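Working notes for the structure below.
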Amino acid sequence: MRIVGLTGGIGSGKSTVSNLFKAHGIPVVDADVVARDVLKKGTGGWKKVVAAFGEDILLPDGEVDRPKLGRIVFSDPQKRQILNRFLAPYISSGILLEVLKLWMKGCKIIVLDVPLLFETKMDRWTNPIVVVWVDPETQLHRLMARDGTTEEDSKSRINSQMSLDLKRTKADILIDNTGSLADLNENFQKVLVQVTRPLTWTEFALSRQGAIVASISIFLGIIICRKCL
């Protein structure tokens, strides 16, 4: 099984690339979706976050007001670290469960879409690592246009993450998304060829099909050995 790591920065276009993978039939495990699930009312993550940040972050129905919580942690590095520390175990477990489900289905290639891929050390699970990169000015303008936020707020959110320039140094595959959507689609086709190349023997051995082949081989080996004896 090949687990492809996909990351980038806010406003870089990572989600667009993630959707392109899905459109080409490659399953994607989205860390943001998992994070929303672990913050649902009554979950372990919800209880820890409410205990740490108070009931002021809750909506009338008891669910977490995610935009409000986001504003709190983006402006305070210490509180951001607290939130990440509380949720990281739940998110990691949720991602692992989704990967296991896809493994059981026989998927040979999957994509882990994780904004904090390097920060949470999840890059150790993935190969290759795809980084979606844009220059700082483009990133700022796109974020302001997308979310309607001020320049100050947008810079605060960007600065809360590892810089894209640092992330690009850790990439196996880099997608430069400073151009148009047509340019991105063209670049993606090249990436798709690299990502969908035949599995290595190690990757095949880690797939469900590889496990089945190994089990059958062991079973046949035992039968042959018994006959020889």
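Residue-wise test of (1) assigned to a loop (DSSP other than H, G, I, E, B); (2) at pLDDT 95 or above; (3) among the charged types (D, E, K, R); (4) touching an Asp or Glu at 6+ places or on another chain (Cβ under 9 Å).
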| position | (1), (2), (3), (4) |
| --- | --- |
| Asn127 | yes, no, no, yes |
| Val131 | no, yes, no, yes |
| Arg142 | no, no, yes, no |
| Arg146 | no, no, yes, no |
| Glu152 | no, no, yes, no |
| Lys155 | no, no, yes, no |
| Ile158 | no, no, no, no |
| Gln161 | yes, no, no, yes |
| Leu166 | no, yes, no, no |
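So, in segment 110-128, exactly how many residues are open to solvent by 30 Å² or more (accessible area, probe 1.4 Å) and either over 26 Å from Arg168 (Cα atoms) or not hydroxyl-bearing (Ser, Thr, Tyr) (or both)?
Of the residues in segment 110-128, 7 are open to solvent by 30 Å² or more (accessible area, probe 1.4 Å) and either over 26 Å from Arg168 (Cα atoms) or not hydroxyl-bearing (Ser, Thr, Tyr) (or both).
Which condition number in (1) open to solvent by less than 60 Å² (accessible area, probe 1.4 Å); (2) part of a helix (DSSP H, G or I) is the one that Val29 fails?
Just one mismatch for Val29, condition (2).
Could you go through segment 41-64 and let me know if any residue there is touching a residue at least 60 places away in the same chain (Cβ under 8 Å), buried (at least 17 other Cβ atoms within 10 Å of the Cβ) and touching a strand residue (DSSP E or B) at 6+ places or on another chain (Cβ under 7 Å).
no
Given the residues Gly13, Gly54, Gly70, Gly25, which is the only one that is farther than 23 Å from Ile129 by Cβ, more than 13 Å from the chain's Cα centre (by Cα) and either among the aliphatic types (A, V, I, L, M) or at pLDDT 90 or above (or both)? Outline the logic, then answer.
Details: Gly13 fails: farther than 23 Å from Ile129 by Cβ; Gly70 fails: either among the aliphatic types (A, V, I, L, M) or at pLDDT 90 or above (or both); Gly25 fails: farther than 23 Å from Ile129 by Cβ.
Checking each option against the conditions leaves just Gly54.
The values are calculated or read from the model by the stated rules, or taken from the named source; none is laboratory data. Treat the numbers as computed from the prediction; the structure is a model and nothing was measured. Here the Cβ is made from the backbone with ideal geometry for all residues, glycine too, and neighbour counts use every protein chain on show. Side chains included, ligands, DNA and RNA excluded: accessible areas come from the protein's heavy atoms. Shrake-Rupley method; radii C 1.70, N 1.55, O 1.52, S 1.80 Å.
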